[in-house]
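Below you'll find the structure, written out as structure tokens, and then a few comments.
Every read-out reported here was derived from the displayed coordinates using simple, explicitly stated rules and does not represent laboratory data. The structure presented is a predicted model; accordingly, all values stated were derived computationally and were not measured. Cβ atoms come from the backbone with ideal geometry, glycine included; neighbour counts cover every protein chain shown.
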Amino acid sequence: MLDITIQIVGLILCASLILNLYRLLIGPNLPDRILALDTMFINGIALILLYGIAIEHAIYFEAALLIAMLGFVSTSALCKYLLRGDIIE
Amino acid sequence: MNFYVEVIASVTLIFGGVFLLIGSIGLARLPDVYMRLHAPTKATTLGIAGVLIASCIIQSYRQETLSISELLITLFLIITAPIAANMIAKAALHHDIKPIDKTQGQEFIPSVKDRLPPPAKPNES
């Protein structure tokens with residue numbers, strides 16, 4: 001039963017990533033695009049964890065943690081750049 | 001794998017996936033930036049928490065030891081999602097992006113943008 005669930009949730013996550021990509025491409029303003037990128041990071045973490053469950057190995061947990069931290073850092077750096085015109089003042 | 005463990009993990013996984021999909025549909029369909037901020041920062045955080053709890057249950061059952069390292073990501077995301085949303089909202093205000101016309105409290109936008117105290121209400125003093 002877990003195999004079927006993993007396939008269903010994988011399809012759901014792919015649909016979510018396509019919706020985020022749609023917003024990233026058509027987003028009328030820059031904050032929209034940053035928000036879509038942030039959501040794509042989170043969906044990517046979920047997809048990596050799902051793959052880690054599917055191949056029955058815990059090696060992908062570190063990758064998910066790294067992507068979570070890089071997602072937050074890149075979002076805040078982009079917002080800081082939009083706010084101030086500079087990242088490290 | 002034990003049947004009950006599989007049922008609990010599957011239900012949690014489906015719960016998380018459905019909330020991630022709801023967050024992404026909200027991101028794609030809501031009308032302006034300030035509304036679009038709500039869907040990813042609330043629904044998506046709950047969804048990723050569901051997926052991570054399912055992963056925690058399955059890895060704990062497979063390795064026969066309590067694997068709480070997945071909860072690290074949940075904690076990190078719960079801490080950082082409001083900060084990222086706050087910074088995106090400030091960037092949107094700074095760029096003068098207009099909300100839709102039905103938004104209430106639009107007279108506070110200039111004072112919020114310049115980080116001043118809110119304007120005094122007319123019926124005071």
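For region B:34-46, 3J(HN,Hα) computed residue by residue from phi via the Karplus equation (6.51, -1.76, 1.60; θ = phi - 60°) reads 5, 6, 5, 5, 5, 4, x, 7, 9, 5, 6, 5, 5 Hz, glycine and proline entered as x.
Dividing the summed -39500 (n - 2.57) terms of all DSSP H runs of n ≥ 4 by the residue count of chain A sets its mean residue ellipticity at 222 nm at -30000 deg cm²/dmol. Here the Karplus relation 6.51 cos²θ - 1.76 cosθ + 1.60, evaluated at θ = phi - 60°, turns the backbone of region A:54-62 into coupling constants of 5, 8, 6, 8, 9, 6, 7, 5, 5 Hz, with x for every Gly and Pro. Using a simple spin-label model with pseudo-atoms 7 Å out from Cα toward Cβ, A:Leu11 and B:Asp114 lie 5.5 nm apart. Helical runs (DSSP H, four residues minimum) scored at -39500 (n - 2.57) apiece and divided by the length of chain B put the mean residue ellipticity at 222 nm at -21500 deg cm²/dmol.
Taking a quarter of the surface of the convex hull around the Cα atoms of chain A, what do you get in nm²? Over every viewing direction, the Cα hull of chain A projects on average to 6.4 nm².
Neighbouring Cβ atoms from other chains, within 10 Å of the Cβ of residues in A:2-8, number 5 on average. Averaged over the residues of B:5-17, the number of partner chain Cβ atoms lying within 10 Å of the residue Cβ comes to 4. Would you give the gap between the C-alpha center of region A:7-83 and the C-alpha center of region B:20-47, rounded to a whole Å? So the separation of the two Cα centres works out to 13 Å. Per residue of peptide B:78-89, the mean number of Cβ atoms on other chains within 10 Å of the residue Cβ is 5. In straight-distance terms, cross-link reach from B:Lys42 covers every one of the lysines whose alpha-carbon lies under 29 Å from its own, apart from those fewer than eight places away in the same chain; here that gives A:Lys80, B:Lys90, B:Lys98, B:Lys102, B:Lys113. A simple count of charges around A:Leu37, restricted to other residues whose Cβ falls under 14 Å of its Cβ and scoring Lys, Arg +1 and Asp, Glu -1, yields +1. Rounded to the nearest whole Hz, the Karplus-based 3J(HN,Hα) values (6.51 cos²θ - 1.76 cosθ + 1.60, θ = phi - 60°) of region A:79-85 follow the sequence 5, 5, 5, 5, 6, 10, x, with x at glycine and proline.
Rounded to the nearest 20, the size of the Cβ-charge dipole of the protein assembly as shown about its Cα centre is 560 debye, with Lys and Arg at +1 and Asp and Glu at -1.
Where in chain B is the longest stretch that carries no trypsin sites (Lys or Arg not before Pro) classed as loop by DSSP and with at most 13 other Cβ atoms within 10 Å? Answer from the scan: B:1-101. Charge dipole (Cα centre; +1 on Lys/Arg Cβ, -1 on Asp/Glu Cβ; no other charges) of chain B amounts to roughly 240 debye.
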